[in-house]
Structure formats: C-alpha cells, structure tokens
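The values are calculated or read from the model by the stated rules, or taken from the named source; none is laboratory data. Quick caveat, the model's predicted, so the values are computed rather than measured. With ideal geometry, Cβ positions are generated from the backbone for all residues, glycine too; neighbour counts draw on all protein chains shown.
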Ligand SMILES: NC(=O)c1ccc[n+]([C@@H]2O[C@H](COP(=O)([O-])OP(=O)(O)OC[C@H]3O[C@@H](n4cnc5c(N)ncnc54)[C@H](OP(=O)(O)O)[C@@H]3O)[C@@H](O)[C@H]2O)c1
C-alpha cells in the first residue's frame with residue numbers, strides 16, 4: 001500500500017474503501033451486508049488500507065453501523081471518514097448529527113467529518129461553526145467537504161478558520177473535471193482530493209456492455225450505463241485493456257492506478273466482493289508510464305457520453321422497460 005504525504009495520524013492510504021455498498025441501495029443482499037462486508041473490512045485492514053469512507057445517508061445509517069461493527073477492536077488503526085447530509089446544516093444540527101454518526105459506529109472520534117454536498121441555501125459559516133465546536137471537544141479530527149467547487153472549498157476554510165483537509169469528488173477516466181482546479185489547489189496547499197466512483201461505478205472494469213448492464217437502481221440512474229454510452233466507451237475500454245495487459249493487471253486495476261497517479265489523490269472504490277477489494281488494493285502497486293497516461297487521457301478525451309438533459313428521456317425509457 002502507498003500513503004498520502006498529508007500529516008494525518010494514521011496516514012491516509014492511496015486506496016481506501018468506499019462503503020456506500022454497505023447500505024441497501026446497491027442491492028447486494030443480506031448475506032453481503034451480514035458477512036461479506038465484515039470480511040471485506042478486515043481484509044482491507046490486513047492489506048494496509050486505512051481510509052474507510054461512509055455517510056449517514058448510506059442506507060439511512062446502515063452503512064455506518066455495519067462499518068463500525070466490522071472495524072471493532074481495530075478501529076484505532078484506521079482513518080475513519082463519514083459525512084453529514086446537509087439538510088439544514090446549521091451549527092447545532094451539525095453537532096447533533098456528528099454525535100449520532102459516532103454512536104452508530106461505536107467510536108468517540110470521527111477522523112474526518114465531511115459535508116456531503118454544498119447546501120445552496122445555507123452558507124458554510126454556520127456549518128463550520130458546528131465543525132469547529134466538534135473539533136474543540138475532540139469528536140472530530142479533520143473537517144472535509146464533498147462535491148464542493150474550489151471557491152466554496154476555500155470559503156469553507158475561511159469560515160472554519162483552519163484547514164478543510166479534503167474535498168471528496170467524482171474523479172476517474174470518465175470524469176476528469178477535478179483536474180482543472182481542485183487537484184492543483186490540493187497539491188499546492190497540502191490538501192487532499194478523495195476520488196469517488198473511481199471505477200465509474202464499475203464501467204471501467206470493462207465487464208459491462210449494452211447486452212450486459214448492471215441491474216441495481218443506483219446504476220439504472222447513471223447515464224454512463226445507457227446502451228449508447230456503453231457503445232461509446234468501447235474505444236476507451238480498449239485502450240484501458242491494452243495498458244492493463246502490459247502490466248498483467250485488470251482494466252479496473254489500471255483505471256485505479258491512473259486515478260491515484262496524482263500525489264494529492266486517494267481513491268475510495270467500493271467492492272461487491274472480497275476478491276474485488278483485494279484486486280483494488282493491489283492497484284496501489286501499479287505504476288503507469290507517462291506514455292500510458294497520455295494514451296488513456298487521449299482516449300478519455302474522445303469519450304463523449306450522453307449526459308445531462310439529453311440523457312433524461314433515455315433513462316426514463318430504461319426504467320419503464322426494467
Ligand atoms: N461523496 C459523494 O457524493 C459520493 C458519491 C458516490 C460515491 N461515494 C463514495 O465513493 C465510493 C465509491 O464510489 P462508487 O461506489 O459510486 O463507484 P466505484 O467505486 O467506481 O464502483 C464500485 C462498483 O464497481 C464494481 N467493482 C469494484 N471493484 C471492482 C473490481 N476490482 N473489478 C470489477 N468490478 C469492480 C462493483 O460493482 P459490481 O460488482 O456490482 O459491478 C462495485 O460496487 C462509495 O462507496 C462511497 O463511499 C461518494
């Protein structure tokens with residue numbers, strides 16, 4: 001495993017574990033939640049993973065409960081991150097919700113407490129007042145944000161009066177926007193970008209095409225999995241397969257290696273099995289060459305999926321035919 005330079009205790013692993021999958025939204029079933037999830041967490045710790053990410057919103061607290069139980073006695077050896085769902089994120093609510101998350105996970109410290117997304121109506125002044133109070137009493141170590149623009153990340157720092165260590169955003173070969181400003185900022189200022197959906201929710205594993213589409217409702221709402229977009233992804237997946245073959249790894253591992261190439265980035269892939277977790281962790285040891293990076297970027301640039309408004313009627317049609 002490799003670790004970020006950021007001065008945290010413990011150090012943050014470049015590959016972490018995302019645990020949205022521990023909620024019920026991904027439809028992996030009770031056996032997964034009751035047995036596989038714990039095995040995945042234990043094995044991740046064995047393999048040097050320290051970054052574990054959850055949120056109060058995942059399965060309405062279910063993911064936090066499962067993760068806390070799975071960590072058990074080994075809680076102290078990890079960097080535990082959760083998120084506040086910012087429905088009325090005023091200071092007293094922020095404080096109350098942090099206590100509730102900590103209780104669900106059976107911990108007295110949230111190493112990283114993140115605002116899940118910017119609230120368009122409530123500015124960060126009051127949210128960060130709550131965060132500061134939580135840091136003062138020692139319930140929260142580091143403050144983070146998620147889905148924040150650079151301007152709002154900096155505004156959050158000013159409101160907190162200290163560093164907002166991380167911004168958790170979508171970052172992968174199919175979503176490279178963070179490169180414009182978030183990554184340079186993080187690198188210059190010793191901050192961290194936590195890359196979510198680093199595998200494009202499984203698209204970059206190369207196992208899906210128009211005849212084999214994932215069935216769960218999370219991905220039914222993701223335009224990347226529209227048949228037209230799966231066709232369009234063929235070129236990118238072809239280049240990814242070539243790069244992966246040169247390193248004797250899978251396309252998913254090459255895709256993760258690409259994401260964590262940047263020194264300020266840690267990725268938090270989710271895993272539907274123990275084997276996936278092991279494979280994802282092993283990606284930390286894959287080092288891509290500059291020409292491979294260039295080939296992947298160029299193929300990623302050619303991938304133009306149907307997104308936004310144009311995708312909505314197609315997604316609705318897809319729902320009707322499920
Ligand atoms: N802050 C936010 O707003 C936000 C938003 C989204 C996610 N997140 C966080 O980021 C984490 C990861 O993002 P994500 O779950 O959206 O997407 P992801 O990590 O890109 O994709 C995860 C899915 O890809 C497949 N997969 C994983 N490893 C694989 C491997 N080695 N080989 C083949 N397939 C593999 C699995 O699905 P199948 O096996 O079923 O194909 C798995 O459930 C989440 O758990 C959550 O903690 C945060």
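Below is a table of values for the structure above.
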item: Filtered residue count, segment 173-201, keeping only those that are buried (at least 18 other Cβ atoms within 10 Å of the Cβ) and either assigned to a helix (DSSP H, G or I) or on the phi > 0 side of the Ramachandran plot (or both); result: 7
item: Selection count, segment 198-212, where residues are away from the ligand (no atom under 14 Å from the Cβ) and either closer than 17 Å to residue 260 by Cα or touching a helix residue (DSSP H, G or I) at 6+ places or on another chain (Cβ under 7 Å) (or both); result: 1
item: Selection status of residue 245, farther than 17 Å from residue 301 by Cα, more than 13 Å from the ligand (Cβ to nearest atom) and part of a helix (DSSP H, G or I); result: yes
item: Hits in segment 13-31 - residues which are crowded, with 19+ Cβ neighbours inside 10 Å and either part of a helix (DSSP H, G or I) or within 11 Å of the chain's Cα centre (by Cα) (or both); result: 15, 16, 17, 18, 19, 20, 21, 22
item: Residues of segment 225-241 that turn out to be in contact (Cβ under 8 Å) with a residue 40 or more places away in the chain, under 27 Å from residue 290 (Cα atoms) and part of a helix (DSSP H, G or I), as a count; result: 6
item: Residues within segment 11-29 that are within 7 Å of the ligand (Cβ to nearest atom) and out of contact with any helix residue (DSSP H, G or I) (no Cβ under 8 Å at 6 or more places or on another chain), tallied; result: 1
item: Only one of 217, 232 that is within 30 Å of residue 184 (Cβ to Cβ) and surrounded by fewer than 18 Cβ atoms within 10 Å (Cβ to Cβ); result: 232
item: Residue in segment 72-83 that is within 13 Å of the ligand (Cβ to nearest atom), touching a helix residue (DSSP H, G or I) at 6+ places or on another chain (Cβ under 6 Å) and modelled with pLDDT of 95 or more present; result: yes
item: Selection from segment 98-141 of residues that are out of contact with any helix residue (DSSP H, G or I) (no Cβ under 9 Å at 6 or more places or on another chain), within 16 Å of the ligand (Cβ to nearest atom) and over 23 Å from residue 12 (Cα atoms); result: 120
item: Of residues in segment 251-268 being within 10 Å of the ligand (Cβ to nearest atom) and over 12 Å from residue 205 (Cβ atoms), the one nearest to the chain's Cα centre (by Cα); result: 268
item: Answer from 215, 233, 195, 186 - the residue that is within 15 Å of the ligand (Cβ to nearest atom) and touching a strand residue (DSSP E or B) at 6+ places or on another chain (Cβ under 6 Å); result: 195
item: Residues within segment 269-284 that are more than 6 Å from the ligand (Cβ to nearest atom), part of a helix (DSSP H, G or I) and under 13 Å from residue 41 (Cα atoms), tallied; result: 5
item: Test result for residue 37, within 14 Å of the ligand (Cβ to nearest atom), buried (at least 16 other Cβ atoms within 10 Å of the Cβ) and in a loop (DSSP other than H, G, I, E, B); result: no
